[in-house]
1. What pairs come up if the first residue lies in segment 15-26 and is under 8 Å from D39 (Cα atoms), the second is of a type in the set (F, W, Y) and at pLDDT 90 or above, and their beta carbons are under 8 Å apart, counting only those six or more places apart or on different chains?
2. Output the number of the condition that T81 fails; it satisfies all remaining conditions of (1) touching a helix residue (DSSP H, G or I) at 6+ places or on another chain (Cβ under 8 Å); (2) hydroxyl-bearing (S, T, Y); (3) farther than 21 Å from S165 by Cβ.
3. Under 7 Å between Cβ atoms, which residue pairs at least 6 apart in sequence (or on different chains) link something in segment 114-131 that is in the same structural domain as I153 (by TED's automatic domain parsing) and surrounded by 10 or more Cβ atoms within 10 Å (Cβ to Cβ) with a partner that is of a type in the set (V, I, T) and assigned to a loop (DSSP other than H, G, I, E, B)?
4. Identify, by number, the condition in (1) in contact with an Asp or Glu (Cβ under 9 Å, 6 or more places away or on another chain); (2) over 30 Å from R141 (Cβ atoms) that K87 doesn't meet.
5. From the residues in segment 66-107 that are hydroxyl-bearing (S, T, Y) and surrounded by 15 or more Cβ atoms within 10 Å (Cβ to Cβ), which one is nearest to the chain's Cα centre (by Cα)?
6. So, restricting to helices (runs of 4 or more DSSP H) that lie completely within segment 1-97, which ones have at least 3 residues that are among the acidic types (D, E)?
Amino acid sequence: EICKNLKKDKKYNDIPVIMLTAKGEEEDKLKAFDTGADDYVTKPFSQKELNARIKSLLRRSKPQVSVDVVEFTDLKIDRITKRVYRKNTEISLGPTEFKLLDFFIKNPKRVYSREQLLNNVWGENIYVESRTVDVHIRRLRQAINIENTKPLIRTVRSAGYSLES
């Protein structure tokens, strides 16, 4: 019942739920998953296994930024429609450039290395050359640097890239 109520409430529905119980029947497990449990562990269990399950759930349930439209200087990004505007002019971005810009906007003015960008934008289990980042940064710069605007993406020599105001 508690699990059902948590999953109904928008404030709490993204919190992972692990059921710890002595009930090991298939019917009990199915009922728990139907009510919104994310994992089910029966007694006895080891602390190491429980810690591993918690870490796994937390990796998969990173908090989502709830702001749908974000503005940074004269740049506006709509996460729902995947549209970007600079000085009220719509800018066409590819999916990777959009993800890259969205990542920068979450933490502006912070310098990210190529490796950090690869892990956070492309994903940790994807293998691409580090120079791929440079290609997408160049495309992103070309798209967002419209006439009479200040460049927003700065190269920090031997360190990486940052979004500056």
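1. Partner pairs satisfying both residue conditions: I18/Y40; M19/Y40.
2. Result: T81 passes all but (1).
3. Correct list of pairs: L118/V128; W122/V128.
4. Of the numbered conditions (1) in contact with an Asp or Glu (Cβ under 9 Å, 6 or more places away or on another chain); (2) over 30 Å from R141 (Cβ atoms), the odd one out for K87 is (2).
5. So in segment 66-107, the residues hydroxyl-bearing (S, T, Y) come out as 66, 73, 81, 85, 89, 92, 96.
If we keep only those that are surrounded by 15 or more Cβ atoms within 10 Å (Cβ to Cβ) too, we end up with 85, 96.
Numbers: Y85: 21, T96: 13 Å.
Per the stated criteria, the residue is T96.
6. Numbers: elements: 2-8, 26-34, 47-60.
Filter on segment 1-97 gives 26-34.
For (1) closer than 25 Å to I80 by Cα; (2) touching a residue at least 24 places away in the same chain (Cβ under 8 Å); (3) touching a strand residue (DSSP E or B) at 6+ places or on another chain (Cβ under 7 Å), each residue gets a yes or a no:
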| site | (1), (2), (3) |
| --- | --- |
| T96 | yes, yes, no |
| V135 | no, no, no |
| Q142 | yes, no, no |
| N145 | yes, no, no |
| S158 | no, no, no |
| S162 | yes, yes, yes |
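The values are calculated or read from the model by the stated rules, or taken from the named source; none is laboratory data. Remember, it's a predicted structure, so these values are computed and weren't measured experimentally. Cβ atoms come from the backbone with ideal geometry, glycine included; neighbour counts cover every protein chain shown.
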